[in-house]
Amino acid sequence: MPAFAMGWHISVIQALASIRVAILRHPGVVAVGILLAASMLSCASGADNSERDEEVLELEKKTHAQEETIKTLQNDNAELKGELATLREGLDELEARIQELEEAVSAAETELPDKDSWSKSEAEKPSLPDGAVHEAAATLAEEFGGQVSYLDHPDREVPAVLVTPVGFVDGETPLIVSLHGFGGDAASHSAYMPLHERVNSDGFALLLPTGASSSEGITFWNPTDRCCEGGKTGQDDVAYLTELVASASEVRRFGPVYFFGYSNGGFMSYHVACKGLPGLRAVASLAGTSYVEDSSCEGAPPVSVLHIHGTADGVILFEGDEIEAVQIGDGMRAYYAGAQETVTRWSRRAGCDWPEYLQPYAALDLDRYVPGAETQAFRLESGCAEGITIDFWVGEGSGHSPGYGEAFLDALLDWLLSQ
């Protein structure tokens, strides 16, 4: 083969190699590259060489086929981009809808936190006996052998229910006052937190009051001084509960008094402790804290405190809220402190400081909605006033209404009755 022809063949091979790279990197220039290669082949052996003409024609066919392939890929790419844009719009709409639903659920929980999913299925929700609130609560207690008395008060339409054990010891049997959440009552609270089932086995008396009703018919506790200062209206629940405990003591002579409250009832339990209710030994609060403005608690006597709070509480936030106030009653709202701040305040009132870093003394499996031992239990005793204990139970992943059962009642009563 002549030297000049060999040189042309080398150039053609290089051109074809370049075309392969171009196909991978720049498909838009493939046609031009193939035509260029065809032209070089034609020149390599002269225009009259029929064999080279056939090669040129074959390359031209490949060029047209490649052009069609590129057009098809470009069309497919455009269609995929359109479908992706449609999917993105659909996802945006779905996220907006989910946000709306979450806000609606949050609003419903805020209005009626005491009704927040007692159980995971409709069949598991506790059923209540027929009759008025106090009658239903009494029926629940009597089924477990409790002796029931009704306590009337001029400021309440619904009498409170006093449950005493068969083995009552005069002057020694302790009294637990159990307070429902916002929108609840003595009967629904007993169904969720059945302390009445333990009156005889654990040897304590139980007082189950029902809060006053708002203008919208929603029962609640007023854990503030707004009722009593500056001519502001609203029920004085500290006075009501103080008088109620005194009335119970006229029926039977009790030993120490303990308060347990859920949500709004937890706020109320702390407020009663702030006011120094006679005979009060300890307070346990589930999903309820105190308000950011805390001047009404200045000079409060020290009491033992058990604060129980879920980190996933969407109604009364674990970290507190100084932006969105919670409803207290008719037209009354207030900002509230977080769980850590609450135990810090009560530890200081007892003359001790809650440390920044404290190791849990136990891991408790209490919430059946959360797998494993979800509750970390912390305790502060050292340096506190004599006989005072500050406990903090943190439910990792627990919500506003944890799925508590027998294990929780055991732990709660062990703590209260040991104070």
Practice task
Can you confirm whether the range 174-187 contains a residue that is within 16 Å of Ser213 (Cα to Cα) and touching a Lys or Arg at 6+ places or on another chain (Cβ under 8 Å)?
Solution key: yes
Exercise for the section: May I ask you to verify whether Ser398 is farther than 24 Å from Pro174 by Cβ and within 17 Å of the chain's Cα centre (by Cα)? Expected result: yes
Exercise for the section: Return a yes/no flag: does the range 58-67 have any residue that is within 60 Å of the chain's Cα centre (by Cα) and modelled with pLDDT of 70 or more. Expected result: yes
Practice task
Look through the range 152-173, keep the residues that are assigned to a loop (DSSP other than H, G, I, E, B) and touching a strand residue (DSSP E or B) at 6+ places or on another chain (Cβ under 6 Å), and return whichever of them is farthest from Ala273 (Cα to Cα).
Solution key: Pro159
Practice task
Would you please list the contacts, defined by Cβ atoms under 8 Å and residues six or more apart or on different chains, that run from a residue in the range 349-370 that is closer than 18 Å to Gly310 by Cα to a residue that is among the basic types (Lys, Arg)?
Solution key: Tyr361/Arg379; Tyr369/Lys120
Completion exercise
Exactly one of Gly231, Gly276 is in a loop (DSSP other than H, G, I, E, B), modelled with pLDDT of 95 or more, small (Gly, Ala, Ser) and surrounded by fewer than 17 Cβ atoms within 10 Å (Cβ to Cβ), and that one is Gly276
Handout entry: Qualifying residue in the range 318-325 (condition: under 25 Å from Leu413 (Cβ atoms), at pLDDT 95 or above and open to solvent by 40 Å² or more (accessible area, probe 1.4 Å))
Key = no
Exercise for the section: Within the range 203-223, track down each residue that is part of a loop (DSSP other than H, G, I, E, B) and surrounded by 24 or more Cβ atoms within 10 Å (Cβ to Cβ). Expected result: Phe204, Pro209, Thr210, Gly211, Trp221, Asn222, Pro223
Practice task
Considering each of Ala385, Ala373 in turn, give the residue that is over 30 Å from Pro194 (Cβ atoms) and aliphatic (A, V, I, L, M).
Solution key: Ala385
Practice task
Please find, among Pro194, Pro302, the residue that is in contact (Cβ under 8 Å) with a residue 60 or more places away in the chain, open to solvent by 40 Å² or more (accessible area, probe 1.4 Å) and in contact with a helix residue (DSSP H, G or I) (Cβ under 8 Å, 6 or more places away or on another chain).
Solution key: Pro302
Fill in the blank from the handout: Counted residues in the range 177-202 being in a helix (DSSP H, G or I) and of a type in the set (Gly, Ala, Ser) come to 6
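The values are calculated or read from the model by the stated rules, or taken from the named source; none is laboratory data. Computed from a prediction, not measured in an experiment: that's the story for all the values here. Note: ideal-geometry Cβ built from the backbone for every residue, glycine included; neighbour counts use all protein chains shown. Each accessible area value is taken on the protein alone, full model and side chains, heavy atoms only, with ligands, DNA and RNA left out. Shrake-Rupley method; radii C 1.70, N 1.55, O 1.52, S 1.80 Å.
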